[in-house]
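Below is one structure, written out as structure tokens, with a few remarks after it.
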Amino acid sequence: MQEAFGAEFRRLADADIPTVLLVGNHDQHSQGSGGASLCIYRTLAVPGFIVGDRLATHLIPTANGDLQIVTLPWLTRSTLLTRPETEGLSLEAINLLLLKKLQPVLEGEIRSLDPQLPTILLSPFNGGPGHLWGGKNPVRGQGLYHSPGFD
């Protein structure tokens with residue numbers, strides 16, 4: 001399986017096709033710390049490959065002009081919250097607090113976008129009528145995705 005992925009990634013790199021690899025929940029170490037499994041591609045400096053392991057905006061050159069891609073990877077609770085903040089809270093309350101902390105960070109990233117360029121948000125979260133966070137007690141967070149900054 002790894003050889004098949006490697007061969008396809010090599011084909012993309014050889015063809016100069018920009019590729020964004022977004023870190024999701026299955027790419028995290030089980031302990032929630034350390035680098036994500038996709039980070040090897042950044043370490044290897046594969047030309048044209050971007051690893052979306054943090055909230056960031058990436059400028060991608062295309063034949064039709066530049067494109068902005070905002071990466072919002074899978075976030076563990078420890079990314080934005082401290083243990084004292086969550087002590088004694090239900091999972092639902094923790095998820096709501098996480099969403100409350102994420103919103104201004106994402107809004108700051110949106111404010112930094114060039115409004116003249118098309119922009120895509122890449123995120124492993126469901127922004128439709130579903131849920132923001134996976135799991136048994138997800139948070140509804142569609143407002144994060146319905147920004148005039150995203151095309």
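Only the coordinates and a few stated rules stand behind these numbers; no lab work does. The structure presented is a predicted model; accordingly, all values stated were derived computationally and were not measured. Every residue, glycine as well, gets a Cβ built from its backbone with ideal geometry; the counts of neighbours run over all protein chains shown.
See the values below:
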{"read-out": "Among 3-14, 112-123, the order from most to least packed when residues are scored by Cβ within 10 Å on average", "value": "112-123, 3-14"}
{"read-out": "Chain lengthening between residue 7 and residue 25 when straightened (0.36 nm per residue, less Cα-Cα)", "value": "4.1 nm"}
{"read-out": "Modelled FRET efficiency - R0 35 Å, residue 114 with residue 17, Cβ distances, 0.05 increments", "value": "0.95"}
{"read-out": "Residue 42 paired with residue 56, simple spin-label distance in nm, labels 7 Å along Cα-to-beta-carbon", "value": "0.5"}
